[in-house]
Amino acid sequence: MLVAPSLLSADFGNLDRDVKKVCESGADIIHVDVMDGHFVPNLTIGPPVVSAVAKSSTKPLDIHLMVQNNTFFVELFAPLKPEYISFHIEEEKHPHRLIQRIRELGIKPAIALNPHSRVEDIEYLLSELEMVLIMSVNPGFGGQKFLPAVLKKIEKLRDMRIELGLDFLIEVDGGVSDKNIDVLKDAGVDIAVSGSYIFGHKSPEEAIRSLK
Ligand code: DX5
Ligand code: ZN
C-alpha cells in the first residue's frame, strides 16, 4: 500500500517541519488539497504555498483539485511539476480534453469521484487515466467519518480494471485509518490518502507504518 499524507491536517504554521517529517517517516507521495470555496465550502492553498511545500518535500506531489474551473487551476499548478493532478468529474464538461492537456503538461492525469458518483460514468475515460481517486467522505474537510458504501464502488472499479486490461492506480481519500486499511486493500486500493489519522497520531511514522 502506498501512503499519501494529506496536508490538510498538518500544522499550517509549521508546514516545512510537517512535510519533512512525513517524508522521513515513509510517505510515498504528498497529497495536497486545493479548494476554491465554490465547488466545496472550504478554501485552502494556492501556488505560493504549494511551491514552498514542493521545496520542503523529497517526495512527489499529488494535487487534488476541488474547484469549479479545473482548466484554470491545472495551468496554475502545472509549473510546480506535480506527479498527479486529479480533478472532479462532477465539475468537468470536457474531461477527455482536460486529461489530454494534463498529459501534455507532463503530469499524470487522474479523476476524482464524489461518494455519489458512479464508476460506470468514467468507463470510457479509464484508458486515458493514471489514477482514479475515490472519495470516501464528502470533499471539503479532513477528519470526517469513512463512508463504507464506497467499498462496493472500489471493488467495481478494480473489476473494471481487470476486464479492460488497464493499470491505472486506485486511490482512496477520506476517513482512512488503521481500522479500515485492510478492507480497502482487499477491495483493490493502491494508494491510501490519510490526513487526520497520520497528523493526529502521536507518531506519524508509526501511523504510516500501520497503514503500509
Ligand atoms: C477532503 C480531502 C482529504 C482529507 C482527508 O476533502 O480531500 O484529502 O484531507 O482527511 P482525513 O484523512 O482526515 O479524512
Ligand atoms: Zn484529498
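Values quoted throughout were computed directly from the atomic coordinates according to the rules given, and no laboratory measurement underlies them. Since we're looking at a predicted model, the values are computed, not measured. Positions of Cβ are backbone-derived with ideal geometry, glycine not excepted, and every protein chain shown enters the neighbour counts.
Counting other C-beta atoms within 10 Å, which of Met66, Met160 has the fewest, and how do the rest follow? Before the final figure, lay out the partial values.
Values: Met66 24, Met160 17.
Exposure proxy ranking, most exposed first: Met160, Met66.
Going Cα to Cα from Lys153, which lysines come in below 16 Å? Please leave out same-chain ones fewer than 8 positions away.
Leaving aside lysines fewer than 8 places away in the same chain, those within reach of Lys153 are Lys185.
Only bridges with both residues in the chain count here: give the DSSP antiparallel percent, nearest 5. Provide the component values of the computation, followed by the final result.
Numbers: 1 of 32 bridges.
Bridges in the chain that DSSP calls antiparallel: roughly 5 percent.
Assuming 1.567 mPa s and 4 °C, estimate D for the stretch 2-211 with Stokes-Einstein, Rh taken as the Kirkwood radius over Cα pairs, in µm²/s. If you can, show how the numbers build up before the last one.
On the way: Rh = 16.9 Å.
Taking Rh from Cα pairs, D becomes 77 µm²/s.
Throw me the Rg/Rh for the stretch 66-176, computed over C-alpha atoms with Kirkwood Rh, two decimals.
Reported Rg/Rh (Cα atoms, Kirkwood Rh): 0.95.
Based on the mean of other Cβ atoms within 10 Å per residue, sort peptides 103-110, 41-48, 150-157 so the most packed one is first. Kindly include the intermediate steps, with their values, before the conclusion.
Values: 103-110: 17.1, 41-48: 13.8, 150-157: 18.9.
Descending packing order for the listed peptides: 150-157, 103-110, 41-48.
Order these by the 10 Å Cβ neighbour count, fewest first: Tyr197, Tyr124.
Values: Tyr197 25, Tyr124 10.
With the sparsest Cβ surroundings first, the list reads Tyr124, Tyr197.
Could you grab the Rg to Rh ratio for the stretch 10-58? Cα atoms only, Kirkwood for Rh.
On the way: Rg = 11.7 Å, Rh = 11.6 Å.
Taking Rg over the Kirkwood Rh, I get 1.00.
Quick one: Cα convex hull volume of the stretch 100-142, Å³ per residue? Mind showing how you got there, number by number?
Numbers: hull volume 3.7 nm³, N = 43.
Spread over its residues, the Cα hull of the stretch 100-142 gives 86 Å³ apiece.
Tell me, what HN-Hα J-couplings in whole Hz come from the Karplus equation 6.51 cos²θ - 1.76 cosθ + 1.60 at θ = phi - 60° for each residue of the stretch 155-172, using x for Gly and Pro?
These are the phi-based 3J(HN,Hα) values: 4, 4, 5, 4, 5, 4, 4, 5, 4, 8, x, 9, 9, 4, 8, 10, 10, 10 Hz.
How long, wide and thick is the stretch 1-100, going by the Cα atoms along their three principal axes, in whole angstroms, largest first?
39, 26, 25
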